[in-house]
Structure formats: C-alpha cells, structure tokens
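The values are calculated or read from the model by the stated rules, or taken from the named source; none is laboratory data. Since the structure is predicted, the reported quantities are computational estimates derived from the model, not experimental observations. Glycine gets a Cβ as well: all are built from the backbone with ideal geometry, and neighbour counts include every protein chain shown. Surface accessibility is based on the protein's heavy atoms, side chains included, excluding ligands, DNA and RNA. Shrake-Rupley method; radii C 1.70, N 1.55, O 1.52, S 1.80 Å.
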Amino acid sequence: MVLVVVFGVALLVAVLLSGLAARTVLSTSLLFLIGGALVSDGFLGLIHITRDSEMVSVTADLALFAVLFTDGMHVSLPKLRANWKSPARALGLGMPLAFVFMALITHYLVGLDWTTSFLVGAVLAPTDPVFASAIVGRIEVPAKLRQLLNVESGINDGLALPVVLVLIAAAGPTAGDAEASLTKIALELALGMAVGITLPLFVNGLVRFRHLGAEPKLQPLLPLATGIILYALCHLTHANPYLAAFSAGAVLAHVSPEAQRSFEPLGEALAELAKFAALLVFGALLTPQLFGALSWGGYVVVILAIVLIRPASLLISLLGTSFPRREKLVAAWFGPKGFASVVYGLLVLQSGIPHAEEAFTLIAVCIAFSIIAHSSTDVPIARAFHVDGPAGAPAARDGGAPCPRAGTAETEPVHTRGDTLPEPFIGGS
C-alpha cells in the first residue's frame with residue numbers, strides 16, 4: 001500500500017507541475033524516475049523493489065504493451081506508403097549502425113564478450129519519443145521530422161526483439177539449441193502478428209451485427225476490452241505481445257476510425273498511467289549500488305551511446321536526403337532509450353546468461369541517463385521551431401498568441417499525441 005501512496009503523490013505532483021513542464025526543461029517522466037529512486041532502499045527505504053521482483057517485469061511489460069497499442073492506432077497506411085524512404089533509411093541503415101557501433105564500444109571499453117556486447121547493442125537500439133514528446137507531439141515542428149521519429153520508434157521495437165531473443169539464446173547455457181530457439185522466436189512473432197490482426201477484425205465484425213453495438217458513453221471501452229483480451233491471449237499462447245499490440249492498434253484504427261477517435265482520450269490517459277508506474281518502479285532500481293557497480297569504461301560507453309553513437313548513425317543514414325541540416329541534427333539527437341529497452345534489459349537480467357548482471361547494469365544506467373538528457377531538452381529544442389503549445393491544443397501556455405495550424409509544409413496538421421484530427425498518423429512507442 002505504501003507503493004500506491006507514493007504513486008498517488010507522484011502523480012499529483014506531476015499533474016500540478018505539468019503546465020510548467022510544458023514550458024521548461026522540467027520533465028514529468030523524470031519526476032517519476034527520481035521519485036522512484038528517492039523512495040527506494042537506496043535512499044528513504046519506503047518501498048522495497050529488487051531486480052528480480054515480478055512487479056518490475058509486469059509494470060514494464062504492461063507499459064510497453066499499452067504504449068504500443070495506443071500508438072498503433074496512429075498508423076495511417078496511405079501516409080506511410082507515401083513517405084517511407086527516410087524512415088526506411090533510419091530503420092534499415094541507422095539502426096543497424098547504432099547496433100554494431102554500440103557492440104564495438106561495449107566490447108572494447110567494458111570487456112564483455114562479443115555475444116553479450118551485441119546483446120547490449122540490440123537492447124539499446126530501439127528509440128522512444130515518449131521521452132521527447134515536445135518534438136513528436138507538436139504540430140508546428142516540421143511534419144517530415146515528426147514522421148521520421150514516429151515511424152522509426154513505432155517499428156524499431158519489433159525489429160530489435162527477435163535479435164535480442166536470438167542473442168540471449170546464443171549467450172545462454174543452451175546456446176547449442178540456437179536453431180530451435182530461432183524457430184520458436186519466429187513462431188511467437190508470427191503468432192503475435194496473427195492474433196493482433198485477427199482479434200480487432202473479429203471484434204469489428206461483431207459490432208456490425210444488427211442487434212449489437214456500443215452506446216456512445218461505452219464506446220471507448222470497446223478498444224479497451226480488445227486490448228485486455230489481446231494481452232491475456234498473448235501470454236496464454238506465448239504469442240509476442242508487443243508486435244500483437246502495435247498490429248492490433250493499427251488494424252483497429254484502419255477498420256474502425258470512429259472507435260479509434262472515441263478511445264483516444266482514454267487510451268492516452270491509460271498509457272500515461274502505465275508509463276508513470278513503470279518509471280516509478282524502474283526508478284526504484286536506480287540505487288547508488290547500481291551506479292557504483294558500473295565501471296568508468298561503462299560510463300564512457302553510456303555517454304558515447306547518447307551523444308555519439310545514435311547521432312552519428314542516424315546522420316549517416318540521412319545523407320543525401322532533403323532534410324535541412326537543423327532537422328537532421330534534431331532527429332539525430334532524439335534517440336531516447338525507453339520502455340522497450342527496459343523490458344528487453346529485464347529479459348537479459350532474468351535470462352541466466354553468464355554476464356547478465358553486468359549487461360543489465362550498463363543498460364539501466366544508459367536508459368536513466370538517456371531519459372534525463374532527452375526529456376529535459378525536448379522543450380528548448382522544440383522552441384527553436386517556434387513551438388508554443390502541444391499538438392491539438394491552443395498555443396502558448398505562457399501567454400503567447402496561438403500558433404498557426406496550417407499554411408506551410410512545416411505546419412501541416414499531422415496526427416500526433418493529443419491531437420484530434422480525423423485521420424490517424426503513426427505514433428512512436
């Protein structure tokens with residue numbers, strides 16, 4: 001019950017400071033991370049959470065599922081087909097480069113074996129603009145820039161997961177069964193995709209029956225019920241829940257735009273709650289002992305991962321594109337590590353591989369530093385694009401005039417978090 005009280009207090013403080021956070025470097029995500037660290041055994045000792053606690057894995061799992069489900073609803077297949085080249089470069093070249101570069105510096109500066117080093121690289125490869133929402137959530141930021149970051153982050157979680165699972169199998173005591181593990185992983189991913197597509201189609205078919213259908217006040221609960229059933233089915237059948245969540249959200253938005261629009265306020269609120277709960281629990285793991293266990297070489301790797309590896313990898317992938325130099329630099333900087341990396345890091349920790357503890361320590365510190373760096377710089381950088389308010393809201397909260405919503409390519413309305421445009425876009429996890 002102490003944890004519930006702590007979460008309630010942290011939520012109240014975050015809500016009261018959210019207006020200030022929208023205008024300054026203050027971050028509500030960072031508040032929960034710091035709050036979790038302060039009440040943990042490392043400081044005040046109000047809550048007792050360990051790395052192997054089931055609460056850690058469950059909250060991170062739920063948060064990632066909720067974020068991917070709601071973000072999947074922001075997918076617009078026509079827009080994705082029309083503007084796929086730059087995101088494809090980021091995913092097809094930038095992400096593999098970051099993966100390889102991260103493995104190299106981990107091996108040579110931390111001393112982990114090659115398999116574990118590549119595993120660390122795979123875990124830290126996905127990006128998460130949830131922690132840079134002033135960039136992807138503001139309609140005045142150039143549309144192409146937001147699209148690039150949204151598409152990249154919405155897909156790279158699913159791309160990284162098979163690599164993470166294969167490397168865990170290769171690094172573990174049953175490495176000789178890698179072929180069987182690869183087959184199992186492929187089946188889980190395929191089943192996740194199948195369940196994620198089939199379930200919303202089935203639910204949408206039920207709604208079309210003559211005597212069935214939700215009254216308006218209950219309509220937002222229809223996607224929620226679909227998500228709950230999907231989550232349970234995935235864990236019962238061992239289907240991949242993250243691929244299923246993103247697929248289901250995308251299919252649901254495509255076949256039932258009215259359901260997507262009615263669910264969006266509730267879905268975004270639930271995803272925020274899940275995110276805050278996971279951050280609080282993850283913050284409780286960030287004890288002085290954790291930071292003390294990381295070598296100086298590990299801290300160098302963390303800094304390079306944030307300020308060099310991601311920026312250099314994405315800049316290389318964007319060579320020859322039409323992005324202006326400033327937009328390339330912004331896109332290169334905003335590669336925060338988020339819930340996918342938390343969940344995958346916990347998979348590493350619980351896998352029993354020889355260097356699981358060392359790998360998780362490096363991953364956890366890197367995620368913490370990334371959240372601090374990216375969630376506290378998004379508002380100042382967004383203001384360079386003359387941003388005064390979040391997407392879908394009347395402009396400047398600090399007394400300025402409303403920002404234009406249309407008129408140029410850079411202010412073209414595009415669906416992002418908090419917007420209410422009729423046609424969904426694509427969201428990042």
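Would you check if there is a residue in the stretch 43-56 being assigned to a helix (DSSP H, G or I), of a type in the set (Val, Ile, Thr) and crowded, with 18+ Cβ neighbours inside 10 Å? Yes: the stretch 43-56 contains one or more residues that are assigned to a helix (DSSP H, G or I), of a type in the set (Val, Ile, Thr) and crowded, with 18+ Cβ neighbours inside 10 Å. When we screen 224, 218 for residues that are farther than 25 Å from residue 184 by Cβ, among the hydrophobic types (A, V, I, L, M, F, W, C) and more than 22 Å from the chain's Cα centre (by Cα), the only hit is 218. Of the residues that make up the stretch 275-286, is at least one modelled with pLDDT of 85 or more and open to solvent by 40 Å² or more (accessible area, probe 1.4 Å)? The answer is no, given that none of the residues of the stretch 275-286 is modelled with pLDDT of 85 or more and open to solvent by 40 Å² or more (accessible area, probe 1.4 Å). Residues considered: 168, 105. Of these, the only one that is modelled with pLDDT of 85 or more, assigned to a helix (DSSP H, G or I) and touching a Ser or Thr at 6+ places or on another chain (Cβ under 7 Å) is 168.
Of all the listed residues (115, 198), the sole one being at pLDDT 85 or above, surrounded by fewer than 24 Cβ atoms within 10 Å (Cβ to Cβ), of a type in the set (S, T, N, Q) and farther than 21 Å from residue 349 by Cα is 198. Only one of the numbered conditions (1) in a loop (DSSP other than H, G, I, E, B); (2) at negative phi is not met by residue 37, and that is (1).
Taking residue 292, is it of a type outside the set (Val, Ile, Thr), touching a residue at least 24 places away in the same chain (Cβ under 8 Å) and either open to solvent by less than 60 Å² (accessible area, probe 1.4 Å) or in a helix (DSSP H, G or I) (or both)?
Values: of a type outside the set (Val, Ile, Thr): yes; touching a residue at least 24 places away in the same chain (Cβ under 8 Å): no; either open to solvent by less than 60 Å² (accessible area, probe 1.4 Å) or in a helix (DSSP H, G or I) (or both): yes.
Criteria not met by residue 292.
For residue 66, the test of being part of a helix (DSSP H, G or I), at negative phi, surrounded by 17 or more Cβ atoms within 10 Å (Cβ to Cβ) and at pLDDT 90 or above is failed. Look at the stretch 310-331: where a residue is open to solvent by 60 Å² or more (accessible area, probe 1.4 Å) and a partner is part of a loop (DSSP other than H, G, I, E, B) and hydrophobic (A, V, I, L, M, F, W, C), sitting 6+ places away or on another chain with Cβ atoms under 9 Å, you get 326/384; 326/385. Could you check the stretch 24-36 and list, in sequence order, the residues that are closer than 14 Å to residue 288 by Cα and surrounded by fewer than 22 Cβ atoms within 10 Å (Cβ to Cβ)? Answer for the stretch 24-36, where residues must be closer than 14 Å to residue 288 by Cα and surrounded by fewer than 22 Cβ atoms within 10 Å (Cβ to Cβ): just 34. State yes or no: is residue 265 surrounded by fewer than 21 Cβ atoms within 10 Å (Cβ to Cβ) and under 22 Å from residue 154 (Cα atoms)? Yes, satisfied.
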